[in-house]
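Have a look at the structure below before the remarks.
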Amino acid sequence: MHRGLLVAIAVSGLVLVVTPIAYALLSQQGVKTSRRYEVLPAAATDGADQYFTWSQNSKAHPKHFDAFFARTGDARVKLNPTGQGFSGGIDPPTVVYQQVSNGQSNLRLYDADTQVRSSPPAGVNTKRWEWSPTLSGDWLLFGRINASTGVDSVVLHSMSSSTQFLLDQGAASRAPGQVNGDFAVWSRCDGPCDVIRHQISTSTDTTLPKPLANTYQYAPAVTATGIVFVARSGKSCGSNVRIVRFFGASDPPGGTVVAALGSGRDTFQLFARENADGSVDVFYDRLSCSNSNVADIYRVQDPHPGP
């Protein structure tokens, strides 16, 4: 259900009981809170400058979305020169984004230093629907939808070679999350959604546990050390949505609830940015389930998530 909301924008028996530990909930700070519909945040830092990318509509064209990028001291850039644009990830100075034009969706790269746009390596863009890309070092994570068969794929592609891994595939929803260092995460919705963490160096997949089999976990983000943040909720939009952290220094197997979005609020995407002091900023879009015209971007700062 949750992933279906995101695709709508982009496309115009065993019960395991685990108990999260109690935790002082983190405060939510507004990042983009204008009257526009602002979604799909990603952020990075190179130590000197802050990088940020997002998508939004306009007052004149509420159903049209463009992808934007901003860097400390620079003017805002609209990434998609034509068609519609949806923001992706950042590995400074490179930004990856999704561009939809004439019914075709492909991935594009933007170099913040040279202001040059380019295509990713051969084998990434096809006649299918490529979407939701993130980038870290040599690895590009993205989704691919085959509209004729209804099969969704999550793909990990090397930026320096033809190496490509099919991480997941199925007729039900598969939605890429974030690649960061040695880890990639995505959600799989064969019924209630699950989140999977993949360690690239060992080719190891870990499905994150849930308190109940009918709990939804989705919109995952990951740090370079493998700490995962997910949205957790019931089936319906805005059903007790929490941000939950896994694999932190003090986290139990079932994760730690670090933030609550509030009644009637949900999210499309989480994105983790690590800071020099060891803290992690988790950016996310916060939408209203009762008003389809309202979506803003917020963040929480986790001061000491662990290694």
Could you list all residues from the range 189-202 that are surrounded by fewer than 24 Cβ atoms within 10 Å (Cβ to Cβ) and over 21 Å from Pro307 (Cα atoms)?
Cys189, Asp190, Gly191, Pro192, Asp194
Can you pull out the residues in the range 80-91 that are under 10 Å from Tyr110 (Cα atoms) and surrounded by fewer than 24 Cβ atoms within 10 Å (Cβ to Cβ)?
Asn80
Being at pLDDT 95 or above and within 25 Å of Lys63 (Cα to Cα) is the requirement here; does Gln115 meet it?
no
Every residue from the range 167-187 that is assigned to a strand (DSSP E or B) and more than 19 Å from His157 (Cα to Cα)
Ser173
Please determine, by comparing only the residues of the range 173-214 that are modelled with pLDDT of 95 or more and in contact with a Cys (Cβ under 9 Å, 6 or more places away or on another chain), which one is farthest from Ile145 (Cα to Cα).
Ser187
Whether any residue in the range 142-160 is assigned to a loop (DSSP other than H, G, I, E, B), more than 25 Å from Arg273 (Cβ to Cβ) and modelled with pLDDT of 95 or more is what I want to check.
no
Flag if Asp302 is over 19 Å from Ala42 (Cα atoms) and either surrounded by fewer than 18 Cβ atoms within 10 Å (Cβ to Cβ) or out of contact with any helix residue (DSSP H, G or I) (no Cβ under 9 Å at 6 or more places or on another chain) (or both)
no
Does any residue of the range 137-154 turn out to be under 27 Å from Val294 (Cβ atoms) and either among the hydroxyl-bearing types (Ser, Thr, Tyr) or buried (at least 23 other Cβ atoms within 10 Å of the Cβ) (or both)?
yes
Quick one: which of Val96, Val124 is at pLDDT 95 or above, in a strand (DSSP E or B) and among the β-branched types (Val, Ile, Thr)?
Val96
Please go through the range 234-256 and give me each residue that is touching a Lys or Arg at 6+ places or on another chain (Cβ under 7 Å) and part of a strand (DSSP E or B), ordered by number.
Arg242, Val244, Thr256
When you check Ala276 against the structure, is it modelled with pLDDT under 95 and part of a loop (DSSP other than H, G, I, E, B), yes or no?
yes
Pairs under 6 Å by beta carbon, first residue over 24 Å from Thr223 (Cα atoms) in the range 275-292, partner of a type in the set (S, T, N, Q) and buried (at least 22 other Cβ atoms within 10 Å of the Cβ), six or more apart or different chains?
none
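The values are calculated or read from the model by the stated rules, or taken from the named source; none is laboratory data. Bear in mind that the values here come from a model prediction, so they are computed numbers and not experimental data. Virtual Cβ from ideal backbone geometry, glycine too; neighbours counted across all protein chains shown.
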